[in-house]
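Notes to accompany the following structure.
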Amino acid sequence: MTPSRLGQGKGPMPERISTSKTEPLDLLGPHIRLITPLPEEGNGYCVFEGRVPPGVFVPIHAHDDRETFYILSGEIDGLLGAEWRRFGRGDVFDVPSGAKHAFRNVSAAEVLLLVVTTMALGRFFQEVGRPLAAVPPGPPSAETLQRFARESLARGHWLGGVEDNAAVGITLSFT
C-alpha cells in the first residue's frame with residue numbers, strides 16, 4: 001500500500017492522545033488519570049494511570065470487570081486469596097473477572113501504576129471519581145463513602161464487610 005492511500009480506507013483510525021488534557025480523579029485515596037478515550041457507549045478496554053499515595057488502601061471488593069495493574073514504580077501489596085503479596089516495578093497484578101481483591105501501599109513512596117480494564121469500569125470511575133484538585137485533605141466523609149458504596153452496589157459490585165476486611169488487616173469497610 002502506498003503512503004498516499006493509507007488514510008483513505010474505511011473504519012477507525014489510530015490516534016495520538018494527550019493525557020495533559022485529562023483531569024486526575026480521586027477514588028477515595030487512589031488517584032487516576034484516564035489515558036485512552038472513554039466513549040459513553042461501547043465495549044472494549046480502557047487504560048489509565050493510577051497513583052497510590054503512601055498509606056492508602058482499597059478494601060476487599062469484586063466486580064465483573066478484569067483489571068490488570070502494571071507497576072511502573074514503587075511497591076504495592078495485592079491480596080491474592082487470603083494472602084498479601086508484594087508487587088514491585090515491572091510486576092503485574094492481574095485480577096480476573098469476579099475475583100475478590102484488595103491492595104495497599106504500606107511503603108513511604110507513592111506507587112505509579114498502568115491499569116487496563118473494561119470501558120464499563122472506566123466509566124464507573126469517571127462517575128464516582130472526584131476532581132483531585134477539589135478534594136479536601138483528610139479521609140473521605142461518611143457521605144462520600146456511602147455514595148461510592150451505593151453506586152458500586154447498583155452496578156453489581158461486591159463490597160467486603162467489616163469481618164472480611166478485618167480478616168486481612170483492613171479496618172475500613174463500605175458497609
Top-ranked residue of the range 72-84 - restricted to ones that are surrounded by fewer than 21 Cβ atoms within 10 Å (Cβ to Cβ) and aliphatic (A, V, I, L, M), ranked as modelled with the highest pLDDT: LEU72
Take the conditions under 22 Å from PRO53 (Cα atoms) and among the hydroxyl-bearing types (Ser, Thr, Tyr) and apply them to SER97. Does it pass? no
So is VAL116 out of contact with any Lys or Arg (no Cβ under 9 Å at 6 or more places or on another chain), surrounded by 14 or more Cβ atoms within 10 Å (Cβ to Cβ) and either of a type in the set (Val, Ile, Thr) or within 16 Å of THR22 (Cβ to Cβ) (or both) or not? no
Test result for LEU28, at pLDDT 90 or above and at positive phi: yes
Among the residues of the range 127-148, write down those that are in contact with a strand residue (DSSP E or B) (Cβ under 7 Å, 6 or more places away or on another chain) and surrounded by 15 or more Cβ atoms within 10 Å (Cβ to Cβ). GLY129, ARG130, LEU132, VAL135
Positions within the range 17-48 being touching a residue at least 12 places away in the same chain (Cβ under 8 Å), out of contact with any Phe, Trp or Tyr (no Cβ under 8 Å at 6 or more places or on another chain) and farther than 15 Å from PRO131 by Cβ, in sequence order: ILE17, THR19, PRO37, LEU38, PRO39, GLU40, GLY42, ASN43, GLY44, TYR45, CYS46, VAL47
Residue under question is ARG51, and the condition is that it be among the charged types (D, E, K, R) and without any contact (Cβ under 8 Å) to a residue 24 or more places away in the chain; does it hold? no
Tally, over the range 90-133, of residues that are under 18 Å from GLU40 (Cα atoms) and part of a loop (DSSP other than H, G, I, E, B): 1
Within the range 11-28, tally of residues that are closer than 22 Å to ALA149 by Cα and either loosely packed, with under 12 Cβ neighbours inside 10 Å or in contact with a strand residue (DSSP E or B) (Cβ under 7 Å, 6 or more places away or on another chain) (or both): 3
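The values are calculated or read from the model by the stated rules, or taken from the named source; none is laboratory data. Please read all numbers here as calculations on a predicted model, not as lab measurements. Using ideal geometry, Cβ is built from the backbone for each residue, glycine included, and neighbour counts are taken over all protein chains shown.
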